[in-house]
Every structure is written in structure tokens, then in C-alpha cells.
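The values are calculated or read from the model by the stated rules, or taken from the named source; none is laboratory data. The shown structure was predicted, so the numbers you read here are calculated from the model rather than taken from an experiment. Here Cβ is always computed from backbone atoms with ideal geometry, including for glycine, and neighbour counts include all displayed protein chains.
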Amino acid sequence: MEESPSLRRKTAMREKGRRQAVRGPAFMFNDRGTSLTAEEERFLDAAEYGNIPVVRKMLEESKTLNVNCVDYMGQNALQLAVGNEHLEVTELLLKKENLARIGDALLLAISKGYVRIVEAILNHPGFAASKRLTLSPCEQELQDDDFYAYDEDGTRFSPDITPIILAAHCQKYEVVHMLLMKGARIERPHDYFCKCGDCTEKQRHDSFSHSRSRINAYKGLASPAYLSLSSEDPVLTALELSNELAKLANIEKEFKNDYRKLSMQCKDFVVGVLDLCRDSEEVEAILNGDLESADPLEMHRHKASLSRVKLAIKYEVKK
């Protein structure tokens, strides 16, 4: 009888828990490192230290080289090259088929702000479908492979962190723009009281992880980088999001202070946008919303309406 996906998932999680339980200081001195061949050790050293000629020669000539071999810390050549900002080595490795942990390499490059490496990784065929960029590492693991795995025991970041959420958290404007152009988006979390099957299952299985995934998504949505680049009307989006976050601060007790800070961050974003205005006409345009497409009569009617000010008053934005 074939195991159900949920049963396989639970079994895998139990096994992962057992492995993590024995990962103490002795982890780095286990037999993983000694299992490497001399060729693999040389290959990993070359990748780590950016020795382009050696990496190229080994990739082209060796018939026995395992490009996914890992060092004593469980890191493969791609992860070592990206972590040390070796763009050329990264590009050489990305040409190899069946390369593992490409997603983790992307997350690492994003977190360190290595824009050119991020661009190189995003051009890999593995990201041809934007779904790779919208699934979280946890969702990806349940589907097929260790695409986002840091090592055999899990992910580098919180398992609900997608590349665009991480880029937004890190305020990497250029990377956020790249990911948006690739079709990545931050999905707005369901209502706190949502009773859909997915939310009910997540709440029942691990309520804290569910709450953590929500706050991580909202941190991305409230990021100035994401607000600026993803919304046609960032001011309106920020005002509405600020109000939503203020309400959540009174509901989600685990992250009450975080939601309050994010709500204030959205208000600060609006003030910052207004500070960038060069004259009163630009201020008025922002406070009235987009009137470029409106006819002259409509523009005259809205001339003094300052709709965003009214919205700010409604949402108690005093700044």
C-alpha cells in the first residue's frame, strides 16, 4: 500500500528531527568530511577560494567528479562559491546539469546583496517557471527536492521565506525589481480568522509556524522596497496596509510589537514619499491619488479633495 503524501511528510519531519537532535559540536567532526575523495576535496577548495582555472578544468575533464559533493559543514561547491562572492565560479557551476541547492544559493546571494550573482542564478533554467520563485522552501521540499536546502537537515532561513520576501526584508531594491520582473510576488496572507482548509490545517499542525509565516509575509509587504516597486499607488497601499497591521497588532499576540512597528513603518514610508516632493503640486498629486487619466471636470472636482489626507485621518495617521 502506497503511503499518502501527508504520511510521507510526517515521516520525513520525524527523521529530520532525529538528525537535528544529534547535531552537537561533534557534527563537524563526523565521518562526512572523511568520505570525500582527494578530487572532491580539491574541487571544493577551488570553489571556496575562487580558483577559476582549477574549477573549469575539473568540470570539463573529470568523468568521476560529483559536483554536489559536500564539505564537513554540509556545503556544496555552489554554496561555497556564492558565499564567498565568486561570480565566475558560480557561473561555471550553474552550467552543470542536476546541480543541487540552487535555491539556497539564491537566498544566500540575496541576503548578502550580491546582485550580479543573483542575476546569474535567476538565469538558470531551474527558474524558467516563476513558480519556483513563489513557492516557499517548505512547499518546494514537499513537492520534489532539496532545491532550497541549506544542508541535509533543512533550510538556511525560515522555511516560509521566499526569495522575494527575503529581498524585501533586506531592502534590496535592485533584487526586488529583478524578482518582480520574473513574476514573483508576495502573497497577502489570508484573514486571521480564515477557516479555509489550508489555514485550518496549518493552524492545527503548528500554530506558531503559521503565525510566523504571516508576520514574515507582512514584513515583506511593508518593506519600502516592495511598496515602491510593486504598487501603482504606493501611498494608498501603505496607508491601507498600516491600518491592517494596526488591527493585527491587537489580534496576533505572539507578534504584537512586530505588527505595531510595521504599521508605523508604513506611516513613515508615506511621510518619506511626501518629503521627496519638490513642490506643492507634487504633494497635491500624491494626496489626491492618480488623476492623470481623469478628465478636466473630474480633476477640478478633486482639486481640493485631498483624498489621501481623508484616508490618513480615517486610519488615524497623525504624521
Exercise. Out of all the residues in region 49-69, is one or more within 23 Å of Lys172 (Cα to Cα), outside any loop (DSSP other than H, G, I, E, B) and in contact (Cβ under 8 Å) with a residue 24 or more places away in the chain?
Worked result: no
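Need a quick list: helices (runs of 4 or more DSSP H) entirely within region 172-269 having at least 3 residues that are over 30 Å from Ala128 (Cα atoms). Walk me through how you get there before you give the answer.
Details: elements: 173-181, 197-205, 207-221, 224-230, 234-249.
Fully inside region 172-269 and qualifying: 197-205, 207-221, 234-249.
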Exercise. For region 113-127, which residues satisfy the criterion of being part of a loop (DSSP other than H, G, I, E, B) and under 14 Å from Met181 (Cβ atoms)?
Worked result: Asn123
Problem set entry | Number of the condition not met by Ala109 [criteria: (1) out of contact with any Phe, Trp or Tyr (no Cβ under 9 Å at 6 or more places or on another chain); (2) in a helix (DSSP H, G or I); (3) over 20 Å from Pro137 (Cα atoms); (4) in contact (Cβ under 8 Å) with a residue 12 or more places away in the chain] | (3)
Exercise. Among (1) more than 14 Å from the chain's Cα centre (by Cα); (2) of a type outside the set (A, V, I, L, M); (3) at pLDDT 90 or above; (4) within 24 Å of Met73 (Cα to Cα), where does Gly113 come up short?
Worked result: (1)
For this session: Enumerate the pairs (first residue in region 190-205 and at negative phi and modelled with pLDDT of 90 or more; second residue anywhere and of a type in the set (Lys, Arg) and assigned to a loop (DSSP other than H, G, I, E, B)) with beta-carbon separation below 6 Å, excluding pairs fewer than 6 apart on the same chain, so at least 6 apart or on different chains.
Result: none
Exercise. Quick check, is Val82 under 16 Å from Thr162 (Cβ atoms), in contact with a Leu (Cβ under 9 Å, 6 or more places away or on another chain) and either assigned to a loop (DSSP other than H, G, I, E, B) or of a type in the set (A, V, I, L, M) (or both)?
Worked result: no
Exercise. Looking only at region 265-279, which residues are more than 22 Å from the chain's Cα centre (by Cα) and touching a residue at least 12 places away in the same chain (Cβ under 8 Å)?
Worked result: Lys267, Asp268, Val270, Val271, Gly272, Val273, Leu274
Exercise. Can you find a residue in region 57-77 that is among the hydroxyl-bearing types (Ser, Thr, Tyr) and closer than 27 Å to Cys138 by Cα?
Worked result: yes
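Go through region 154-181 and count every residue that is among the basic types (Lys, Arg) and either in contact with a Pro (Cβ under 9 Å, 6 or more places away or on another chain) or surrounded by fewer than 19 Cβ atoms within 10 Å (Cβ to Cβ) (or both).
Step one: list which residues in region 154-181 are among the basic types (Lys, Arg), which gives 156, 172.
If we keep only those that are either in contact with a Pro (Cβ under 9 Å, 6 or more places away or on another chain) or surrounded by fewer than 19 Cβ atoms within 10 Å (Cβ to Cβ) (or both) as well, we get 156.
Number satisfying all stated conditions: 1.
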Exercise. Do we have any residue at all in region 25-41 that's crowded, with 16+ Cβ neighbours inside 10 Å and modelled with pLDDT of 95 or more?
Worked result: yes
